[in-house]
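The values are calculated or read from the model by the stated rules, or taken from the named source; none is laboratory data. Bear in mind that the values here come from a model prediction, so they are computed numbers and not experimental data. With ideal geometry, Cβ positions are generated from the backbone for all residues, glycine too; neighbour counts draw on all protein chains shown.
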Amino acid sequence: MNFYEFLDLDDRGKAFAIWHYGVYLMCRTFNGDLHKLYAIEDFYVEVCGSSENQVASQINSFESVDFLEPYLDQISLDDLESIVR
């Protein structure tokens with residue numbers, strides 16, 4: 001599934017695609033909302049909601065890595081540094 005095929009889906013189809021094709025990467029909290037980040041093929045999907053048990057209130061999809069910036073602070077390079085040494 002490519003980015004444009006995903007964009008053409010309705011909310012139910014997007015939820016199905018995320019469940020079946022998405023690879024969970026990480027989550028963050030922003031303004032009390034939970035944002036879960038997934039990768040599908042060569043694009044990203046962010047699912048936003050007020051708690052883990054609630055249905056998603058918003059699904060954002062993007063191809064640019066620029067939109068990953070809010071997640072970068074959560075990535076630890078400690079393990080990579082020990083491998084490189």
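Overview of values
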{"item": "Of residues in segment 18-34 being touching a strand residue (DSSP E or B) at 6+ places or on another chain (Cβ under 9 Å) and free of Cβ contacts under 8 Å to residues at least 24 places away in the same chain, the one nearest to ASP66 (Cα to Cα)", "result": "CYS27"}
{"item": "Single match in ASN2, ASN53 (criterion: at pLDDT 90 or above, farther than 24 Å from SER76 by Cβ and not hydroxyl-bearing (Ser, Thr, Tyr))", "result": "ASN2"}
{"item": "Elements of type strands (runs of 3 or more DSSP E) in segment 1-57, at least 1 residues being touching an Asp or Glu at 6+ places or on another chain (Cβ under 6 Å)", "result": "33-40, 43-49"}
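This table checks each residue for (1) surrounded by 12 or more Cβ atoms within 10 Å (Cβ to Cβ); (2) on the phi > 0 side of the Ramachandran plot.
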{"residue": "TYR21", "(1), (2)": "yes, no"}
{"residue": "GLY32", "(1), (2)": "no, yes"}
{"residue": "HIS35", "(1), (2)": "yes, no"}
{"residue": "GLU46", "(1), (2)": "yes, no"}
{"residue": "SER61", "(1), (2)": "yes, no"}
{"residue": "SER64", "(1), (2)": "no, no"}
{"residue": "PHE67", "(1), (2)": "yes, no"}
